[in-house]
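Q: Take a look at this one; I'll ask things after.
Read-outs throughout are calculated quantities, based only on the coordinates presented, and are distinct from any laboratory measurement. Model, not experiment: these values are computed from the prediction. Heads up, the Cβs are rebuilt from the backbone with ideal geometry, glycines too, and the neighbour counts pull from every protein chain shown.
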Amino acid sequence: MAENMSVVLNVNGSGRSVSVEPRKTLADAIREDLGLTGTHLGCEHGVCGACTILLDGEVVRSCLMLAVQADGAEITTIEGIADGDALHPMQSAFSEYHGLQCGFCTPGMILAGIDVVSRNPDPSPQEIREEMGGNICRCTGYQKIVESVQAAAAAMSAEGGSA
Amino acid sequence: MKPAVFDYSAPESIAEALGLLAEHGSGAKVLAGGQSLVPMLNFRLARPAHLIDINGVDSLSYISANGALRIGSMTRLTALGESGDVAGAHPIIPAAVAQIGHRAIRNRGTIGGSLAHNDPAAELPAVLMALDAEVTARSADGERVVGMQDLIEDRLFDTTLDDTELLTEIRIPAAAASSSFGFQEFARRHGDFALAGVAAVITTDGSTITHAALGAFGGTHATRLPTAEAALVGAETGDAAFAAAGAGAAADFPSTSDVHGTAEYRSHLINVLTVRALNDAAGHTGGGNG
Ligand SMILES: Cc1cc2nc3c(=O)[nH]c(=O)nc-3n(C[C@H](O)[C@H](O)[C@H](O)COP(=O)(O)OP(=O)(O)OC[C@H]3O[C@@H](n4cnc5c(N)ncnc54)[C@H](O)[C@@H]3O)c2cc1C
Ligand code: FES
Ligand code: FES
């Protein structure tokens with residue numbers, strides 16, 4: 001076993017120190033060492049998008065990074081986007097427009113949706129489908145997800161574009 | 001834990017990375033964006049004893065556009081696709097990058113990793129072949145410059161890089177002022193690896209084609225399409241020349257069958273995609289100051 005390394009993960013605004021083997025993926029460290037199980041693991045090889053997080057503000061697959069690579073980076077997971085009890089507009093829209101059924105893909109969908117809207121405040125359904133093609137959902141058939149992201153985009157613009 | 005055990009180093013300079021490669025050689029793997037290597041680690045298809053993470057080597061991440069375009073191997077695909085310098089010099093590059101995976105993949109994946117990994121269905125090896133790019137490979141013993149064709153040869157998931165070599169830079173000569181491009185691929189869904197695709201760069205003198213460079217991917221390995229190129233050079237742009245090039249491309253293409261499609265189907269795709277790419281090239285001029 002390779003020696004553990006000490007890593008500081010700045011997750012959702014607070015710095016947390018963990019000791020991990022170099023081979024531990026960031027997704028596993030988030031789930032097992034930090035106990036933040038909202039980040040889901042579907043495929044663990046980059047194709048499903050369930051493990052999507054924001055790393056320094058950019059969407060990445062947390063199953064395709066090592067925890068040691070995220071030392072010092074700013075990480076946002078699904079647990080970090082609500083403002084206390086007030087849901088993020090993307091979360092509210094998924095709830096209101098039935099953008100989820102079983103919820104397994106939802107954390108990744110919501111973070112990917114936030115990323116799409118941050119780059120394109122008024123995305124068309126076609127643009128949403130193309131941009132979020134890397135996030136797979138086995139339940140909804142996607143129609144409601146696209147509607148949710150569009151509704152969230154409108155709500156976020158009305159709020160002044162704050163993500 | 002998904003990956004097998006490995007030792008981990010994170011060098012901060014090229015020299016340090018080359019020293020580690022010299023020391024660990026075939027037991028080591030370079031970790032760039034990790035978008036191909038980490039899946040292989042997770043499946044334990046790759047079990048390197050030592051991982052050399054070059055994400056901290058800042059001097060490998062740059063785009064410089066003085067004359068030839070020079071791109072550091074750690075340049076992320078998102079940065080490559082969004083660079084005004086790259087789009088100005090070779091607009092085929094952002095057109096191709098947009099087809100690679102998804103945003104989250106492109107935010108981490110790098111140009112050097114894409115070439116070193118050399119997936120036969122990857123866009124960039126074929127595009128950079130068509131652009132006559134060359135790469136710099138460095139080791140503790142020195143450096144050499146390798147043309148894209150010699151880097152790839154007929155290989156798949158492998159290149160002619162030595163175990164102790166680091167790919168550091170990609171250099172692309174300036175496009176002729178009157179060159180234009182077409183890029184076409186067919187994938188089951190946007191972002192999936194393509195079943196087949198064609199990158200075409202042509203130069204015309206009025207309506208006669210003076211230079212044609214075509215790269216194809218999705219077969220057994222990335223390749224230029226010499227028969228198609230020969231059918232184009234000296235011909236007038238238009239349906240007759242493009243049809244001949246399509247047939248030539250299908251003849252040149254190292255087609256292959258798998259669960260996604262038969263070799264016959266892929267050859268047919270290459271023919272059709274070549275004609276479409278050439279029509280695109282004839283319709284819109286890019287590159288240089290065109
Ligand atoms: C869901 C998904 C979809 C994808 N779709 C596509 C697609 O449509 N088209 C496409 O082209 N790619 C696709 N990819 C692959 C992606 O583009 C990868 O990023 C790329 O192939 C490898 O680049 P990387 O920087 O991630 O390299 P890594 O995964 O870090 O490394 C890949 C290999 O290259 C070696 N290597 C990396 N850098 C160097 C270097 N500088 N010198 C020497 N060796 C080096 C590594 O040792 C390793 O063997 C996809 C990936 C995923 C997960
Ligand atoms: S678990 Fe990471 S992409 Fe599927
Ligand atoms: S809601 Fe079940 S997978 Fe998307």
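Q: Rank B:222, B:164, B:178 by how far each Cα sits towards the positive end of the charge dipole of region B:107-242 (+1 on Lys, Arg Cβ; -1 on Asp, Glu Cβ) and give me just the farthest.
A: Most positive-ward Cα: B:178.
Q: Still on this structure: Work out the mean other chain Cβ neighbour count within 10 Å for the residues of A:14-27 and drop it here as an integer.
A: Working: counts 0, 0, 0, 0, 0, 0, 1, 5, 9, 11, 3, 7, 1, 1.
Per residue, the average neighbour count from other chains is 3.
Q: Could you give me the ³J(HN,Hα) list for region B:186-199, computed from phi with Karplus coefficients 6.51, -1.76, 1.60 and θ = phi - 60°, whole Hz, x at Gly and Pro?
A: 10, 10, 5, 9, 4, x, 6, 4, 6, 6, 6, x, 9, 10
Q: Among A:154, A:117, A:134, which residue has its Cα positioned farthest towards the positive end of the charge dipole of region A:89-162, with +1 placed on the Cβ of Lys and Arg, -1 on the Cβ of Asp and Glu, and the dipole taken about the Cα centre?
A: Among A:154, A:117, A:134, the one farthest towards the positive end of the dipole of region A:89-162 is A:134.
Q: What average count of beta carbons from other chains do you get within 10 Å of the Cβ of residues in A:65-73?
A: Numbers: counts 7, 11, 0, 4, 9, 0, 2, 0, 0.
Counting Cβ atoms of other protein chains within 10 Å of each residue's Cβ and averaging gives 4.
Q: Right, another one. Normalised by the residues of region B:98-240, what does the relative contact order come to in percent, with Cα pairs under 8 Å and at least six apart? Display every interim value, and only then the final one.
A: Values: 283 pairs, mean separation 35.5, N = 143.
Relative contact order, region B:98-240: 25 percent.
Q: Right, something else. Evaluate the distance, in nm, between pseudo-label points positioned 7 Å from the Cα of residue A:86 and of residue B:260 along their respective Cα→Cβ axes.
A: Inter-label distance under the simple model: 4.6 nm.
Q: Please state the charge dipole magnitude for region A:5-80, taken about the Cα centre, from unit charges on C-beta atoms (+1 on K and R, -1 on D and E), reported in debye and rounded to the nearest 20.
A: Values: 5 positive and 10 negative charges, 21 e Å.
Using only the charged Cβ atoms, the result is roughly 100 debye.
Q: Another one. Testing the spin-label approximation: label points 7 Å from Cα along Cα→Cβ at residue B:85 and residue B:44. State their distance in nm.
A: 4.4 nm
Q: In a solvent-free Debye calculation with one equal scatterer on each Cα, what is log10 I(q)/I(0) for the protein assembly as shown at q = 0.08 Å⁻¹, listed in the order of the q values?
A: -0.49
Q: Let me ask you something else. Distance between Cα centroids, region B:132-155 to region B:44-98: provide it in whole Å.
A: If you average the Cα positions of each part, the centres end up 16 Å apart.
Q: Under 8 Å for C-alpha pairs, at least 6 residues apart: give me the relative contact order for region A:1-72, rounded to a whole percent. Before the final figure, lay out the partial values.
A: Details: 118 pairs, mean separation 25.3, N = 72.
Across region A:1-72, relative contact order equals 35 percent.
Q: With a 10 Å cut-off between alpha carbons and a GNM built on chain A, which of A:86, A:73, A:152 moves the most?
A: A:86
Q: Per 0.36 nm of contour for each residue apart, how much would the distance between residue B:236 and residue B:220 grow if the chain were fully extended, relative to their Cα-Cα spacing? Kindly include the intermediate steps, with their values, before the conclusion.
A: Values: separation 16, 0.36 × 16 = 5.76 nm, distance 3.15 nm.
Length gained, residue B:236 through residue B:220: 2.6 nm.
Q: When the chain is fully extended, how far beyond the present Cα-Cα distance does residue B:13 get from residue B:59, taking 0.36 nm per residue of separation?
A: On the way: separation 46, 0.36 × 46 = 16.56 nm, distance 0.72 nm.
Full extension of this stretch gives 15.8 nm more.
Q: Gaussian network model of chain B, Cα springs within a sub-10 Å range: biggest mean-square fluctuation belongs to which of B:59, B:267, B:114?
A: Highest fluctuation of the listed residues: B:59.
Q: When the chain is fully extended, how far beyond the present Cα-Cα distance does residue B:139 get from residue B:66, taking 0.36 nm per residue of separation?
A: That pair, residue B:139 and residue B:66, stretches by 23.7 nm at full extension.
Q: Now for a different question. Please list, by residue number, every one of the trypsin sites (Lys or Arg not before Pro) in region B:1-93 that is coil in DSSP and has at most 13 other beta-carbon atoms within 10 Å. Write down the numbers at each step before the final one.
A: Working: sites: B:29, B:44, B:70, B:76; in loops: B:44.
Within region B:1-93, the qualifying trypsin sites (Lys or Arg not before Pro) (loop, at most 13 other Cβ atoms within 10 Å) are B:44.
Q: Another question, then. Working from Cα positions, state the angle (0 to 90°, nearest 10) between the long axis of helix B:14-24 and the longest principal axis of chain B.
A: On a 0 to 90 degree scale, this one is about 70.
Q: Quick check: the distance between the Cα centres of region B:220-262 and region A:1-76, to the nearest angstrom?
A: 45 Å
Q: Just add up the charged neighbours of residue B:141: K/R +1, D/E -1, any other residue whose Cβ is under 14 Å from the Cβ of residue B:141. All intermediate terms of the calculation are to be shown ahead of the outcome.
A: Working: positive: B:138, B:144; negative: B:23, B:143, B:162, B:163, B:165.
Combined, the nearby Lys, Arg, Asp and Glu give -3.
Q: Please compute the contact order of region B:59-172 in relative form: average sequence separation of alpha-carbon pairs under 8 Å and at least six residues apart, divided by the residue count, as a percent.
A: Details: 209 pairs, mean separation 31.3, N = 114.
Answer for region B:59-172 is 27 percent.
Q: Starting from the 7 Å offset along Cα-to-Cβ, what nm value, one decimal, do you get for the label separation of residue A:17 and residue B:207?
A: If labels sit at residue A:17 and residue B:207, their model points lie 7.5 nm apart.
Q: Can I ask one more? What does the charge count around residue B:71 come to, taking other residues whose C-beta lies under 9 Å from its C-beta (Lys +1, Arg +1, Asp -1, Glu -1)?
A: Working: positive: B:70, B:171; negative: B:169.
Spelling it out: positives minus negatives among the neighbours equals +1.
Q: Moving to a separate point now. Counting only other chains, what is the mean number of Cβ atoms within 10 angstrom of the Cβ of each residue in peptide A:107-115? Could the numbers behind the result be given before it?
A: Numbers: counts 0, 1, 0, 0, 1, 3, 0, 0, 3.
Mean shielding by partner chains, rounded to a whole number: 1.
Q: Assigning unit charges at the beta carbon (Lys, Arg +1; Asp, Glu -1) and nothing else, what dipole magnitude in debye, to the nearest 20, does region A:89-162 show about its Cα centre?
A: Values: 4 positive and 8 negative charges, 50 e Å.
Charge dipole of region A:89-162: 240 debye, to the nearest 20.
Q: Okay, next question. Mind checking which of B:41, B:21, B:195 has the largest fluctuation in a GNM of chain B, springs on alpha carbons under 10 Å?
A: With Cα springs under 10 Å in chain B, the top fluctuation among B:41, B:21, B:195 is at B:41.
Q: Can you list residues from other chains, or at least 5 along the same chain, whose modelled amide H is less than 5 Å from the amide H of residue B:211?
A: B:203
Q: In debye to the nearest 20, how big a dipole does chain A give about its Cα centre with +1 on each Lys and Arg Cβ and -1 on each Asp and Glu Cβ?
A: Numbers: 9 positive and 21 negative charges, 80 e Å.
That gives chain A a dipole magnitude of about 380 debye.
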